[in-house]
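The values are calculated or read from the model by the stated rules, or taken from the named source; none is laboratory data. Just so you know, these numbers come straight off a predicted model, no measurement behind them. Because the Cβ atoms are built from the backbone with ideal geometry, glycine has one as well, and the counts that use them run over all protein chains shown. Each accessible area value is taken on the protein alone, full model and side chains, heavy atoms only, with ligands, DNA and RNA left out. Shrake-Rupley method; radii C 1.70, N 1.55, O 1.52, S 1.80 Å.
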Amino acid sequence: MTRTVLITGASSGIGRETALRFQREGWNVAATMRSPEKETELDRLPGVVCPALDVTRPETITAAIDQTLARFGHIDAVVNNAGYGLIGPFETFSEDQIERQFQTNVFGLMAVTRAVLPHLRAQRDGVIVNVASFAGRSIFPYYSVYHASKWAVEGFSDSLQYELKPYGVRVKIIEPGIVKTEFWGRSTDRANATGITAYDEGQPVLDLIDEAAGVIATLPADVAEAIWRATNDQSSRQRYVIGVDAHLTLMARKVLSDGMYRTLMTTLFGRRPVATFRKLTADLKRRAS
Ligand SMILES: NC(=O)c1ccc[n+]([C@@H]2O[C@H](COP(=O)([O-])OP(=O)(O)OC[C@H]3O[C@@H](n4cnc5c(N)ncnc54)[C@H](OP(=O)(O)O)[C@@H]3O)[C@@H](O)[C@H]2O)c1
């Protein structure tokens with residue numbers, strides 16, 4: 001029997017590469033997205049449908065699952081991938097911005113999980129793959145609300161796996177480091193909604209993270225590969241870390257005390273490292289051109 005995966009946020013980046021990966025392996029793919037009318041590639045591939053699904057709109061979740069079941073008859077794997085980053089000093093965000101971050105990254109992921117669970121449980125087989133981040137177990141400056149959302153995904157997934165195991169449903173957590181996707185462009189909310197300027201001196205830290213993202217990013221296809229492996233991994237392994245940056249950061253978070261980790265971050269994102277990093281990346285770019 002051909003298996004079926006439902007993926008959220010398949011319009012670009014990791015979600016899109018994941019849809020292509022599963023399609024190449026002969027799976028049926030429900031590559032869900034907010035605006036399927038804009039899609040020009042995935043919906044033309046055999047075995048792929050692109051239902052409309054906005055994780056913040058419950059009626060679209062139900063409709064997308066119904067459409068997938070009507071077309072393929074069953075769902076074997078769900079990849080909760082849809083998400084974006086709210087980045088900047090906490091005090092500069094509005095309530096709306098903070099709520100929207102959680103509505104998408106946390107409550108949206110829970111809503112999709114909740115909607116598909118009766119089906120997976122009845123089937124007594126299935127896997128839920130949650131795209132968290134290395135930001136779900138580590139900490140960077142000026143990422144407070146994004147971190148909170150991804151730490152929530154980690155805690156949720158970790159606990160959920162106990163209650164689903166008796167029903168044959170596995171829960172996997174994907175922890176990419178920096179990945180070259182729209183996340184660093186249109187999928188980041190950096191708006192200073194309150195107009196508070198007290199934190200403007202932190203801007204170089206944000207710039208540094210952006211510049212680092214441009215240099216050390218992993219490709220979304222590598223994350224798709226990890227999602228593919230996690231989906232098919234019958235072992236009890238729960239976390240899949242992708243990228244050298246993610247491995248190093250999570251190792252540091254594990255072995256260092258809170259104080260030592262804080263010192264490391266403060267040093268890394270201090271004025272001198274920012275200047276050195278800028279010079280280094282400028283040199284690299286000059287040599288590459
Ligand atoms: N890129 C990184 O460095 C990185 C690192 C670690 C983890 N992640 C995580 O990876 C996931 C995918 O991000 P990406 O890097 O692939 O970025 P991306 O290319 O911007 O993809 C984000 C996807 O999420 C969708 N989305 C956003 N809000 C949605 C909503 N309310 N309902 C349904 N879909 C929604 C977007 O759809 P639209 O096209 O409609 O906007 C888009 O398809 C996110 O959860 C992100 O937090 C990314």
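Inside the stretch 183-203, can you point out the residues that are buried (at least 17 other Cβ atoms within 10 Å of the Cβ) and part of a helix (DSSP H, G or I)? Phe183, Trp184 - these are the residues of the stretch 183-203 that are buried (at least 17 other Cβ atoms within 10 Å of the Cβ) and part of a helix (DSSP H, G or I). For the stretch 38-48, taking the residues that are away from the ligand (no atom under 16 Å from the Cβ) and free of Cβ contacts under 8 Å to residues at least 40 places away in the same chain, the one that is least open to solvent (accessible area, probe 1.4 Å) is identified as Leu45. Number of residues in the stretch 229-265 that are open to solvent by 40 Å² or more (accessible area, probe 1.4 Å) and within 16 Å of the ligand (Cβ to nearest atom): the value is 5. The residues of the stretch 204-225 that are at pLDDT below 85, open to solvent by less than 50 Å² (accessible area, probe 1.4 Å) and within 11 Å of the ligand (Cβ to nearest atom), listed by number, are Ile209, Ala212, Ala213. Total residues in the stretch 118-160 satisfying the condition of being away from the ligand (no atom under 16 Å from the Cβ), within 23 Å of Thr62 (Cα to Cα) and either touching a residue at least 24 places away in the same chain (Cβ under 8 Å) or crowded, with 22+ Cβ neighbours inside 10 Å (or both): the figure is 9. Test each condition in (1) open to solvent by 50 Å² or more (accessible area, probe 1.4 Å); (2) within 16 Å of the ligand (Cβ to nearest atom); (3) not in a helix (DSSP H, G or I) for Ile173 and report the one that comes out false. Failing condition for Ile173: (1). Set side by side, the residues Ser11, Ser35 differ, and just one is open to solvent by 50 Å² or more (accessible area, probe 1.4 Å) and among the small types (Gly, Ala, Ser), which is Ser11. Within the stretch 90-106, the set of residues being more than 10 Å from the ligand (Cβ to nearest atom), open to solvent by 10 Å² or more (accessible area, probe 1.4 Å), closer than 18 Å to Ala135 by Cβ and assigned to a helix (DSSP H, G or I) comprises Phe90, Gln97, Ile98, Phe102.
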